[in-house]
Amino acid sequence: MKKTGGQILLESLGLEGVDTIFGFPGGAVIGIYDALLNSPIRHILVRHEQAAVHAADGYARSSGKTGVCLVTSGPGATNTVTGLATAYMDSIPLVVLTGQVSTGLIGNDAFQEADIMGITRPCTKHSYLVKDVKELAGTIKEAFYIAGTGRPGPVLVDLPKDVIADSTEFNYPESVNMQGYNPTYRGHRGQIQKAFKLILKANRPLIYAGGGVISSNASEELTTFAWTLAIPVTNTLMGLGCFPGVDELSLGMLGMHGTYRANMAVTNCDLLIAVGARFDDRVTGKIDGFAPNAKIIHIDIDPTSISKNIRVDIPIVGDAKDVLKKINKLILEEKGDWRSIRREWLDQILQWKNTYPLAYEQKDVIKPQYVVEKIYEITKGEAIISTEVGQNQMWTAQYYHFTKPRTLLTSGGLGTMGYGFPAAIGAQIAFPEKTVIDIAGDGSIQMNIQELATVAQYNLPVKIAILNNRYLGMVRQWQGLFHNKRYSHTSLEVSPDFVKLAEAYGAVGLRATKPEEVVPTIEKALSIPKAVIMDFVVEQEEDVYPMVPVGAPLKEMLLV
Amino acid sequence: MRHTISALVLNQPGVLARIAGLFSGRGFNIESLCVAETLDPSVSRMTIVTRGNDQVIEQITKQLNKLVDIIKVVDFFGSEYVDREMILIKVTAESSSRAEILRITDIFRGKIVDVTPKSYTIEVSGDENKIRAIIDLLKPMGIKEVVRTGKVAISRGSKGI
Ligand SMILES: Cc1ncc(C[n+]2csc(CCOP(=O)(O)OP(=O)(O)O)c2C)c(N)n1
Ligand SMILES: [Mg+2]
C-alpha cells in the first residue's frame, strides 16, 4: 500500500522512537499536520519557531534522546536558525524538519521560499533536501543516525511540499551505511596506555570535564576514575553535573567566572586530563597562561577539537565512556593509597578554597546568589534547572551545586538569551513529574516570554525564577568594569509587571522584594501544580565574581 | 607551507558549498580547487591546494574528514606524488614572433589549439615550474589571456588512495 510523504515521515519518526515533537504549522507543511491528526505522535504547539527548537533541545539535553521539531518554509525555517546554532555549539542531537516550496518552484523566489540549507550550513552537523518521496524514509534514518552518533548535533531535513504530498511504498531501512561517516568510538589502546603511565606519574593531576562526558553518558566512569585515583575535578559550564558538585574532589566551574580554586588548580597542575571539553576561550583565558606547567591528555570524540586551541601531549580520539572504562580497568590493577599520595596537592586546593570561597553578603536587598542558593537547598539539587544568559547563568553555575548529569540546561557555546524558558518546557515534557525551573534574567525572559501560552495550553508546571535586576546585568557589569561605568543601553527601564503578566497567561505570579520572602516564595511556587513566575527583585548592581578579564590568564582573577 | 590535498567526495549537490564554507568560515584560503567525477560516477575527486602552518593544515584535513559527504582525505605533503596543471594561453602572434612562439611551444611539448592572423592559443600541461617557465617566456610576446585548471595530483607507486 502506498503512503504519502507526510505519513511516511511520521511513521519513520515513530520507528525512531519519537513520541513528541515541537512545532508550528504553515502552508508548506500542512500535509504533515494533516497526517499528524492520525498519528500517535504528540505535537506541542509552541508560539514561536525559535522556541520549538530550544524546547526540542531541552528535551534532548534532559533525556538524552534526539529532539525533533517541525516548522513551515520561509519564515518558519529562518526562525529556527538561533535554535540550530545553539544546539550546534553545544553538540545537542536534534532533527529539525522544515517545509519547503514545491520542487518545481525552488530557486524561483516563490512565496515563503528560503534557502534554509544554505542559511544553516555552518550551524548544522548535516542537512538534506529531500527531492523525491522515495528518498524520504532513508533520509530520516540517516538524519537520526547522524544527529545522535559521534559528536552529536542538529540535522536539518528540508521537505518540499510536493514530496510530502507524493506517495510511495513505505520501507524503513534497517540500518545505515554511509561511506563518509564513521565516528570513532573506541580509543586507541596505545594512546590509552601512554596516558595511563602519565597519570600514574603525575604529582598534581587535574581532571577538566566538559559536556562530552554528559553526552556520552560517562559520568559514572568519570566519577570512578576521579575517586579511585583521588584526582580533583573541575567542570566547564557544559560539564556541570557530570561529577557531584558537592564532592570534596569537586572544584566547581573553571574559566572566566570559575572558582578561585579551580583556576588556581589549572594554573598549577602538572597534568591536565581534559575529557569531552574543547578549550573554549571563556575557559582558557589567555592561552599561554592556561595550564602552563602541565602535560595535557585530551579525550574527545571529535578529532577537530584536539589541538585546535592548545597543543596536546596525548590526544585520544574516542567516546569518553569507552576511553574512561579502559583507563579505569588499568587503574584497578594498580594498588596505591592515592589519598595520601595526593595529600599535599589536595591540601593546597583546600587552602585555595578557604582563602577565596565563593561568597556574597546578604543584607537588606535580596542578593541574586541567595535566591539561587535557596533554590538549590529547597530542591535538594534534585530539580532540572535551565538558565537564560548573563549573570543569572553564572550565578546558577556557581551556587546551584549540580550533582547529576542532564540536570543543567544552558546555552554554553552560543550564549543564547531566550533559551532557558523553552528548554525548560522541553524538559518538563520529557519529565512531567520532575521540578523544572528556569533561572532567568529580566532581559532574557522577555525573549521567549510568549511561551507562557504554551505552558498554559499543556498544563506544564514549569517554574520561572526571574533574578530581576532591571538591567542587562552582565553587559552592565562589563560596562562598569571596563567602560568607566558608562551604562549604555543596558538599563531595562521598562519591563512588564511579571506577576500580572503571568496571570494574563493563566499562570501564577509571585513577587519577593525582601530577603525573608525568598524562601516562602520558592516553597509556595513549588507547591503549585501550575506554571509560576517568581519575580525576585534583587540588588541592581551586583556583579559576578571571580572574573578573569578577557585576554588575561586564569590566575589573574578579579575577586570581590 | 603549501599543501596539496586530495579528497574523495560523494557526488552530491551542496558538497562544494560545504567545503567552500569550511574554508571561508575559518579564514583559510584555497589556492586552487579542481573537481571531477571518478570512475564511479557517484564519487568525485577533489584536489585542493592550500597554505597554512601545521596547525591550520591539521584543522583543514580534520574538518574535511568530518564532513559527512567526504569519504577520504589525503594530504600529499611529504610524500611522493605527481601533480599537473593544464593551462591555455592566448598570446599575441605578430609575423616577427610567430616562429619563436612555435619553438617555445614545441620545447614545452605544448600544442597550438587555435590560430588567428594575430594570435595563437597554446595548450600546455605540466608541473608548477614548467607552467611558470612557459608563461615567463611568452610574456614578452604579449599574453592576452591565461586560463589554468588548477592542480590535479596523484600519488607515485602502484597503490591508489
Ligand atoms: C540573543 C542575545 N542577545 C544579546 C546577548 C548579549 N548579552 C549577554 S548577557 C546579556 C544581559 C542579559 O540580561 P538579563 O537577562 O537581564 O540577565 P542578567 O545578566 O541581568 O542576569 C546580554 C544582552 C545575548 N547573550 N544573547
Ligand atoms: Mg537582568
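The values are calculated or read from the model by the stated rules, or taken from the named source; none is laboratory data. This is a predicted model, so every value here is computed, not measured. Note that each Cβ is placed from the backbone with ideal geometry, even for glycine, and that neighbours are counted across all protein chains shown. Side chains are part of the model used for accessible areas, which takes the heavy atoms of the whole protein and leaves out ligands, DNA and RNA. Shrake-Rupley method; radii C 1.70, N 1.55, O 1.52, S 1.80 Å.
Just the number please: accessible area per residue for the range B:54-161, 1.4 Å probe, all protein chains included, in Å².
Details: 6180 Å² over 108 residues.
The answer is 57 Å² per residue.
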**OP:** At 7 Å along the Cα-to-beta-carbon direction for both residue A:111 and residue A:227, put a label point, then send me their distance in nm to one decimal.
**Re:** 6.3
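Take A:474, B:46, B:86 and sort them by solvent-accessible surface of the protein heavy atoms, 1.4 Å probe, largest at the top. Working shown, then result.
Working: A:474 35, B:46 5, B:86 65 Å².
Largest accessible area first, the residues go B:86, A:474, B:46.
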Subject >> Extension reserve of the residue A:1-residue A:458 stretch, reckoned as 0.36 nm per residue once the Cα distance is removed >> reply: 161.0 nm
Subject >> Sequence-distant residues sharing a close amide H with residue A:22 (under 5 Å, placed H) >> reply: A:44, A:68, A:69, A:70
**OP:** Provide B:159, B:62 ordered by accessible surface of protein heavy atoms (probe 1.4 Å), highest first.
**Re:** B:159, B:62
**OP:** Measure out, as a whole number of angstrom, how far apart the alpha-carbon centroids of the range A:99-176 and the range A:294-336 sit.
**Re:** 36
Original post:
So which trypsin sites (Lys or Arg not before Pro) in the range A:399-488 end up in coil per DSSP with only 14 or fewer other C-beta atoms within 10 Å?
Top reply: A:485, A:486
Subject >> Partners for residue A:363 among lysines (Cα-Cα distance below 19 Å; same-chain residues under 8 apart left out) >> reply: A:374, A:514
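Which whole number gives the average count of other chain Cβ atoms within 10 Å of the Cβ atoms across peptide B:5-14?
Working: counts 0, 0, 0, 2, 2, 3, 0, 2, 3, 7.
Shielding by partners across B:5-14 averages 2.
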**OP:** Considering only protein heavy atoms, with the full assembly of protein chains and a 1.4 angstrom probe, order A:528, A:296, B:107 by accessible area, largest first.
**Re:** B:107, A:528, A:296
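Have a look at the DSSP beta bridges in the protein assembly as shown and tell me what percent are antiparallel, nearest 5. All intermediate terms of the calculation are to be shown ahead of the outcome.
On the way: 49 of 114 bridges.
If we restrict to bridges inside the protein assembly as shown, about 45 percent are antiparallel.
Nearest 100 Å² is fine: how much accessible area is buried between A and B, summed over both sides, with a 1.4 Å probe? Before the final figure, lay out each step's value.
Values: alone 22480 and 9450 Å², together 30560 Å².
Protein heavy atoms only, the A-B interface buries about 1400 Å².
Enter the accessible area per residue of the range A:221-364 (Å², integer; probe 1.4 Å; all protein chains in place).
Numbers: 5730 Å² over 144 residues.
Value for the range A:221-364: 40 Å² per residue.
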Original post:
Got a number for the accessible area of residue A:238? Probe 1.4 Å, square angstrom, nearest 10.
Top reply: 50
**OP:** Using only the Cα atoms of the range A:1-124, build the gyration tensor, take square roots of its eigenvalues as a ≥ b ≥ c, and label the shape rounded, prolate or oblate: rounded if a/c is under 1.5, else prolate if a/b is larger than b/c, else oblate.
**Re:** oblate
Subject >> Cα centroid of the range A:193-208 to Cα centroid of the range A:1-69, whole Å >> reply: 46
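Would you calculate a helix-derived [θ] at 222 nm for chain B, using -39,500 (n - 2.57) for each DSSP H run of n ≥ 4 and dividing by the full residue count, to the nearest 500? Walk me through the numbers on the way to the answer.
Working: 4 runs with 45 residues, N = 161.
Calculated from helices alone, the mean residue ellipticity at 222 nm is -8500 deg cm²/dmol.
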Original post:
To the nearest 20 debye, what charge dipole does the range A:363-465 have about its Cα centre, counting +1 at the Cβ of each Lys and Arg and -1 at the Cβ of each Asp and Glu?
Top reply: 220
Subject >> residue B:65/residue B:127 FRET efficiency (R0 35 Å; Cβ-Cβ; nearest 0.05) >> reply: 0.80
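Calculate what fraction, in whole %, of the accessible area of chain B sits on carbon and sulfur atoms when a 1.4 Å probe is rolled over the protein chains. Spell out each step's value before the answer.
Details: 4590 of 8750 Å².
Carbon with sulfur: 52 percent of the solvent-accessible area.
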Subject >> Probe 1.4 Å - accessible area at residue A:395, Å² to nearest ten >> reply: 10
Original post:
Between the range A:233-278 and the range B:88-151, how many Å separate their Cα centres?
Top reply: 64
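Divide by every residue of chain A the summed helix terms, -39500 (n - 2.57) for each DSSP H run of at least 4, and state the resulting mean residue ellipticity at 222 nm, rounded to the nearest 500 deg cm²/dmol.
Working: 23 runs with 209 residues, N = 560.
Helices in chain A give a 222 nm mean residue ellipticity of -10500 deg cm²/dmol.
Quick one: compute the contact order of chain A, relative version, from alpha carbon pairs under 8 angstrom and 6+ residues apart, as a percent. Write down the numbers at each step before the final one.
Details: 1299 pairs, mean separation 79.5, N = 560.
Here the relative contact order equals 14 percent.
How large is the Kirkwood hydrodynamic radius of chain B, in angstrom, based on all distinct alpha carbon pairs? Kindly include the intermediate steps, with their values, before the conclusion.
Working: mean 1/r = 0.0571 Å⁻¹.
So the Kirkwood estimate lands at 17.5 Å.
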**OP:** Please give the residues from the range A:277-308 for which the solvent-accessible area of heavy atoms, probe 1.4 Å, is smaller by at least 50 Å² with all protein chains in place than with the chain isolated.
**Re:** A:304
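Rounded to the nearest percent, how much of the accessible area of the range A:65-189 (1.4 Å probe, protein heavy atoms only) is carbon and sulfur? Could you put the intermediate results ahead of the total?
Numbers: 2440 of 5070 Å².
Solvent-exposed carbon and sulfur of the range A:65-189 make up 48 percent of the total.
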**OP:** Any of A:197/A:308; A:524/A:555; A:194/A:308; A:308/A:335; A:65/A:555; A:141/B:151 with alpha carbons more than 31 Å apart? Name them for me.
**Re:** A:524/A:555; A:308/A:335; A:65/A:555; A:141/B:151
Subject >> Reachable aspartates and glutamates from residue B:66, criterion Cα separation under 19 angstrom, eight or more residues apart if same chain >> reply: A:90, A:142, A:300, A:302, A:319, B:54, B:58, B:75
Subject >> Loop trypsin sites (Lys or Arg not before Pro), the range A:324-390, which have at most 10 other Cβ atoms in a 10 Å radius of their Cβ (DSSP) >> reply: A:335, A:363, A:380
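Take the alpha carbon gyration tensor of the range A:429-560, find the square roots of its eigenvalues, order them as a ≥ b ≥ c, and report rounded if a/c is under 1.5; if not, report prolate when a/b exceeds b/c, else oblate. Provide the component values of the computation, followed by the final result.
Working: a/c = 2.14, a/b = 1.91, b/c = 1.12.
Because a/c hits 1.5 or more and a/b exceeds b/c, the range A:429-560 counts as prolate.
Count, for each residue of B:61-67, the Cβ atoms from other chains sitting within 10 Å of its Cβ, then give me the mean as a whole number.
Numbers: counts 2, 8, 3, 1, 3, 9, 4.
Partner Cβ neighbours, averaged per residue: 4.
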Original post:
What is the list of residues in the range A:295-314 whose amide nitrogen lies under 14 Å from a point 7 angstrom out from the Cα of residue A:325, following Cα to Cβ?
Top reply: none
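For residue B:20 and residue A:541, FRET efficiency with R0 = 41 Å and r from the beta-carbon atoms, rounded to 0.05?
According to the calculation, E is roughly 0.30.
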Subject >> Label-reachable residues, the range B:95-131, where backbone N falls under 11 Å from a point 7 Å from residue B:146's Cα toward its Cβ >> reply: B:131
**OP:** Quick one: divide the alpha-carbon radius of gyration of the range A:507-560 by 2.2 N^0.38 Å and tell me what you get.
**Re:** 1.72
Subject >> Radius of gyration and Dmax over the Cα atoms of the range A:115-170, both given in Å >> reply: 11.9, 34
Original post:
Between the DSSP loop rule and a limit of at most 16 other Cβ atoms within 10 Å, which trypsin sites (Lys or Arg not before Pro) in the range B:96-131 are left?
Top reply: B:109, B:118
Original post:
If you project the alpha carbons of chain A onto their three principal axes, what span does each projection cover, largest first, in Å?
Top reply: 72, 60, 42
Subject >> the range A:324-374 - Debye-derived log10 I(q)/I(0), Cα point model, q = 0.15, 0.30 Å⁻¹ >> reply: -0.69, -1.05
Subject >> Rule-of-thumb Rg ratio for the range A:328-406 [Cα; 2.2 N^0.38 Å; N residues] >> reply: 1.54
